1. Per-residue accessible area for residue 242 at 1.4 Å probe radius, Å² rounded to 10?
2. Using 0.36 nm per residue, how much length does the chain from residue 313 to residue 279 gain when fully extended, once their Cα-Cα distance is taken away?
3. Once you list every other residue whose beta carbon is under 14 Å from the beta carbon of residue 356, what net charge do they have if Lys and Arg are +1 and Asp and Glu are -1?
4. Springs between alpha-carbon atoms under 10 Å, Gaussian network over the chain: tell me which of 139, 41, 328 tops the mean-square fluctuations.
5. Considering only the other residues whose Cβ falls under 12 Å of the Cβ of residue 294, what net charge follows from Lys and Arg at +1 and Asp and Glu at -1?
6. Which lysines have a Cα less than 30 Å from the Cα of residue 13, not counting those fewer than 8 places away in the same chain?
7. Under the classification rounded if a/c is under 1.5, otherwise prolate if a/b is larger than b/c and oblate if not, where does the chain fall, given a ≥ b ≥ c as square roots of the Cα gyration tensor eigenvalues?
8. Quick one: pull the percent of accessible area on segment 2-98 belonging to carbon and sulfur, 1.4 Å probe, ligands and nucleic acids left out.
Amino acid sequence: MRYVVQKGDTLIKIANRFGTSAMGILGANPSLERKKYLIPGQVVVVPDAVSAYETQAGDTLYCIARTFSVSLQELRTANPWLGSIAQEEMLGTGMALMIPPARMDGIVHTNEEYTPYDLTRDAAALQERYPFLQMETIGYSVAGKPLQAIRLGSGRKEVFYSGAWHANEWITASVLMKFVEDMAQAYAEKEKLRGYDIEEIWDQFSIWIVPMVNPDGVELSALGIDYAHPYYHEVLSINNGSDNFTGWTANIRGVDLNHQWPALWEEEAKTSPQAPFPRHYGGPYPLSEPEAYAVYEFTKNHDFMGVLAYHSQGQVIFWGFQHMEPAGSEEIVRRMQILSTYTPVHTADSFAGYKDWFIQERRRPGYTIEVGVGVNPVPVAQFDSIYNQNQGILLEAPLLFERYMDV
């Protein structure tokens, strides 16, 4: 079939949607191999993508979607000619519909790139299914995308998890969003998760999560940029004219959000790029970027016992800063090592990170957790092992923080 690319599409997303493979799509569209990103509006051939269905008397889009366990949006995407036909409108008999395969279980799909569009869609779907979830916007990115915070639990003891600080580390956002879904489902169904009593954790703690600190950068790395984008020329200039952004870690203005923090920022700036760059530039001054400042204000307004900042390379856990970390920090990271098999490292080879500032500011436990191995972006094939290694940390961290501090 011929498919018109939509905003937010990638080869993997299209392949998953229609039950084929990215390699199969490339085979049917050889010209795509020369391009890193898809362009909304372009037409691609999707081979062996869907099954056909001939409508019967009394059929509606709603009934067909339920029968084949697909969403109305997926049905409309596979059949663009449906246009504005309402979901309850009777269809004529003998109409040929293409039926995409049923999606994987759950709301958060972890077998494809995770973008700001996925986060927006999944957050809305999770709140609809689990109305007890609390969500709020803590700020906006340079390009105006909301920074979404999600609260798990209702207890007075607060902890904070964050991910996708770097543009090509979007897999950390899908890890945190899958954790949100698993926690909410376990709480709703009064079930334990990995042996942990979720109702007890929910009642005692509030786990605040910002899954995607850098939505502009994630969009750029995963989806590219088009000529109409207000930062198009600036971004191309920063990237030395290249339209390949898979190595980009900064926000849309070329500032690294994890080198933005007033914790030896001046020292870090001496060895970092001195102008906007795809990686490592700490900005003209600390907290110059709205994304970093939003997390700063959010942290200042909460009494977090401890924080986890997720990144995606190395399978290590950084746990100290200038020996300002409190007693008990090493005991906590040793337990995290058992849960994840990751290697504890006291200090990274850089300063001015979020957990550095948190330790300096609060003298409480802060950890940078590096998941994945190989290259960034981490291949989605690593997701299951990454999630398995980190689910225990995400569940147990509130208990560990409580144990090693006076709250």
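The values are calculated or read from the model by the stated rules, or taken from the named source; none is laboratory data. This is a predicted model, so every value here is computed, not measured. Neighbour counts run over all protein chains shown; Cβ positions are idealised from the backbone, glycine included. Heavy atoms of the whole protein, side chains included, go into the accessibility calculation; ligands, DNA and RNA do not. Shrake-Rupley method; radii C 1.70, N 1.55, O 1.52, S 1.80 Å.
1. That residue has around 50 Å² of solvent-accessible surface.
2. Working: separation 34, 0.36 × 34 = 12.24 nm, distance 1.45 nm.
Answer, rounded to one decimal: 10.8 nm.
3. Details: positive: 355, 362, 363, 364; negative: 256, 266, 267, 268, 325, 349, 361.
Value of the local net charge: -3.
4. Evaluated over the chain, the most mobile residue of the options is 41.
5. Taking every other residue near residue 294 into account, the sum is -2.
6. 35, 36, 145, 178
7. Working: a/c = 2.23, a/b = 1.45, b/c = 1.54.
Here the chain falls in the oblate category.
8. Numbers: 2830 of 5240 Å².
Heavy-atom surface of segment 2-98 belonging to carbon and sulfur, 1.4 Å probe: 54 percent.
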